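Undergrad: Quick one: the structure is below, and I'll ask about it shortly.
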Amino acid sequence: MRTELQAEALWRRLTWMTAALALAAVVLCFVAAFLLARSLMRPISLLTEGTEAISRGDLDHRIAFDRRDELGALARRFNEMATHQQDQRDRLLNAKAELEQQVAARTAELAAANQRLTELDRLRVQFLADISHELRTPLTALRGEAEIPLRHGSKPEAVYRDALERIVTQSLEMGRLVNDLVFLSRSETDTIRFEPRRTDLVSIVADAVHEGEILGRAKGISIKAAYSTRPVWITADAQRLKQALVIILDNAIKYSPRDRSVNLNMTVVDGHAEIAIRDKGLGIPAEEIPKVFERFYRGRSPRASRQLGSGLGLAIAKWLIEKHRGEIALTSEVGSFTEVVVRLPHADATASADANAGAAVVVLKKRLRAKTGSE
């Protein structure tokens, strides 16, 4: 009986111990589950916030979770992904900005090109109108001169000779205009051949002065030239450069009063040769000076408009000088003078500087009269 009681008591103790152990195990499970859930919820919450931030476009967002487990590795991978996406976005934004700049630049270029085309079209129309006007004038004069001797029967030989001389003069003027037009047309298509070589500018100027003296003979105009006799070496097409200088001299002679002189001075300054051609003629109003190198432009004053010429000479001279990497400028004072200055780079600055400093100056003074034709 006692043994049974002891066994029953032992059983009850075992039952209570088992229940206590089971309860303790349940409590431990709940505690472990809570701790596990807590350890999982924080990184999951952080990952969720990060995902939402990325979905909103906030690529600067980073997950502040640094543990050496799978969730920590996942957070690091997430941050790397966000960094990569941010780099891609920045590259795309930079590419977009660069593309917008390029589009803006191309748009501006297209607008400028369109404006140039519009201006060229306007100049083309004006050019054709000017050609028609300039050709019509000598043609009308030619017809008029030819009709005069044919009126009212025969006339003395002197009348015919006088008409023929005027026809020849008008023909020469029209031929000169056509030559200038052909030259300008070839210059626009860049088909004029240049043969640049090392040459002495002094000899080119001397040749131009000689031709200027011939041109001035009919009006009794002399060319007073002052320049060093020592060589000034430049790289140029001698014939084309002389052509430009003769055009300027011819223009100065054309607008100078009879029996006056045109001055030509050449110096070497700062690695450039400067050729200044000055007349003592009509002068040009200040508002007209910016237009003097335009095609077909001629002075608006009555005296200037009566001068023969097409208004193409200075435009051709400017083009030729610029082809030689030079510059041309004009200054003037009404009723006093007009001066054209040509600046050309020279090939031997040292030799030219010595020439400018120590050489004797040659002054050519020639007054050629139409009546005598003598010096």
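Undergrad: For the full complex of protein chains and a 1.4 angstrom probe, list 193, 166 by accessible area with the highest value first.
TA: Details: 193 170, 166 85 Å².
From most exposed to least exposed: 193, 166.
Undergrad: Taking 0.36 nm per intervening residue step and subtracting the Cα-Cα distance, what contour gain separates residue 109 from residue 4 on full extension?
TA: Working: separation 105, 0.36 × 105 = 37.80 nm, distance 11.33 nm.
Answer, rounded to one decimal: 26.5 nm.
Undergrad: State which entries of 155/219; 280/323; 224/254; 219/323 exceed 22 angstrom in Cα-Cα distance in the structure shown.
TA: Result: 155/219; 280/323; 219/323 exceed 22 Å.
The values are calculated or read from the model by the stated rules, or taken from the named source; none is laboratory data. Because the structure is a prediction, the values reported are computed rather than measured. In case anyone asks, the SASA skips ligands and DNA or RNA and just uses the protein heavy atoms, side chains included. Shrake-Rupley method; radii C 1.70, N 1.55, O 1.52, S 1.80 Å.
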